[in-house]
Amino acid sequence: MAEVVVLESETDAGILAAASIRRLISQKPDAVLGLATGSTPMSTYRALAESLRADPLDVSRVRGFALDEYVGLPAGHPESYRAVITRDAVEPLGLTPGNIRVPNGDLATLETAGSDYEAAIRAAGGVDVQILGIGRTGHVGFNEPGSSFASLTRVKTLTEKTRIDNARFFMSPDDVPIHCLTQGLGTIRRARHLILLAFGEEKAEAIAGAIEGPVTSSSPGSVIQLHPHVTVLVDEAAASRLTNLDYYRYAYANKPAWQVV
Ligand code: PGA
């Protein structure tokens, strides 16, 4: 079962996630991070940047793989996930840009982009910790409902709901690409530790589906139920539709001191 931790705020969740990532890097200086984009991971990146400022740690050898990328945006587009990851994570954390990979959404090489990305993840020895958000559709990465649990990095078609959700980053909703490259649910399953974060009432249904719903490709986040090491960090609003909430609180309150997130 995933460890579910309900926190008072997004900030507190970010601090907990950042502490876990920091501990990993201190034990493994060339750790491989799975980097998510969007609003959700921001509190984690902010807390980690703050922690690295207050108490520096060498992160120059840390490697990173983004979860996904839009297809067909011009190189350097400010909303390409290459640009977003650079702005939100690589620069504030002081990571080495050459160590960070993002799926290549260039149309010219699209046919092999997925398998190239999988090969790069394998060559790096796999992802140590994968940071995940969840969409209102239940997607993780851009694996929309119906995605196979065995899927690897490939081109997917975004749902209209996801395109509307992401329109806030673009000049017009029509500018949101229809296609993306995303790590598959099978890729995500191979990461050694998953940290899934979700905040706000609009994520409550997707979170309930992921943690307590049936394991089904209709609820892609439910892939976490097949993984041996998952930490879910949510605020009260995102946790509001969980049936076993009392148990998660009880388990966390009684967590043995020797166990860390
Ligand atoms: P958000 O997106 O973090 O911007 O809410 C999450 C997702 O769509 O996976």
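For the chain, modelled as a Gaussian network with Cα springs under 10 Å, which listed residue fluctuates most, Gln27, Gln225, Gln130?
Between Gln27, Gln225, Gln130, it is Gln27 that shows the largest mean-square fluctuation.
Along the Cα→Cβ direction, 7 angstrom out, place labels at Leu226 and Arg87. What is the inter-label distance in nm?
Placing both labels 7 Å along Cα→Cβ, they lie 3.5 nm apart.
Loop only by DSSP, 12 or fewer other Cβ within 10 Å of the Cβ. Give me the chymotrypsin sites (Phe, Trp or Tyr not before Pro) in the range 195-261 that pass, ordered by residue number.
Working: sites: Phe199, Tyr247, Tyr248, Tyr250, Tyr252, Trp258; in loops: Phe199, Trp258.
Passing both the DSSP loop test and the Cβ count: Trp258.
Taking Cα pairs under 8 Å and at least six residues apart, what relative contact order does the range 19-100 come out at, in percent? Before the final figure, lay out the partial values.
On the way: 94 pairs, mean separation 29.6, N = 82.
Value for the range 19-100: 36 percent.
Quick one: ranking Met42, Met171 by accessible area, 1.4 Å probe, largest first, what do you get?
Most to least solvent-accessible, the answer reads Met171, Met42.
For Lys203, go through the lysines and keep the ones whose alpha-carbon is under 20 Å away, minus same-chain ones fewer than eight residues off.
Those lysines meeting the cut-off are Lys161.
Given the DSSP H assignment, sum -39500 (n - 2.57) over each helix run of at least 4 residues in the chain and divide by its residue total; what's the result at 222 nm in deg cm²/dmol, nearest 500? Intermediate results must be reported in sequence, preceding the final value.
Numbers: 8 runs with 81 residues, N = 261.
Computed ellipticity for the chain at 222 nm equals -9000 deg cm²/dmol.
What accessible area per residue comes out for the chain, rounded to a whole number of Å², with a 1.4 Å probe?
Per-residue value: 44 Å².
For the chain, give the percent of accessible area contributed by carbon and sulfur heavy atoms, probe 1.4 Å, rounded to a whole number.
On the way: 6210 of 11580 Å².
Carbon and sulfur together cover 54 percent of it.
Using a cut-off of 15 Å between beta-carbons, work out the net charge of the residues near Thr137 (Lys and Arg +1, Asp and Glu -1, Thr137 not included).
-1
How long are the three semi-axes of the equivalent ellipsoid for the chain, computed from the Cα gyration tensor as the root of 5 times each eigenvalue, in whole Å, largest first?
Semi-axes (√(5λ), whole Å): 26, 23, 17.
In percent, how large is the relative contact order of the chain, given Cα pairs closer than 8 Å and 6 or more residues apart?
On the way: 546 pairs, mean separation 63.5, N = 261.
About 24 percent, as a whole number.
How much of the DSSP bridge set in the chain is antiparallel, in percent, rounded to the nearest 5?
25
Excluding residues on the same chain fewer than 8 positions from Lys156, give the aspartates and glutamates whose Cα lies under 12 Å from its Cα.
Correct list for Lys156: Asp68, Glu69, Glu144.
What aspartates and glutamates sit close enough to Lys255 to cross-link, taking a C-alpha to C-alpha distance under 15 Å and skipping anything fewer than 8 places away on the same chain?
Answer for Lys255, where 15 Å is the Cα cut-off: Glu3, Asp246, listed by chain and number.
The values are calculated or read from the model by the stated rules, or taken from the named source; none is laboratory data. Computed from a predicted model, the values in this text were never measured in an experiment. When we count neighbours, we look across all protein chains shown, and the Cβ atoms used for this are built from the backbone with ideal geometry, even at glycine. Note: areas computed on protein heavy atoms with side chains; ligands, DNA, RNA excluded. Shrake-Rupley method; radii C 1.70, N 1.55, O 1.52, S 1.80 Å.
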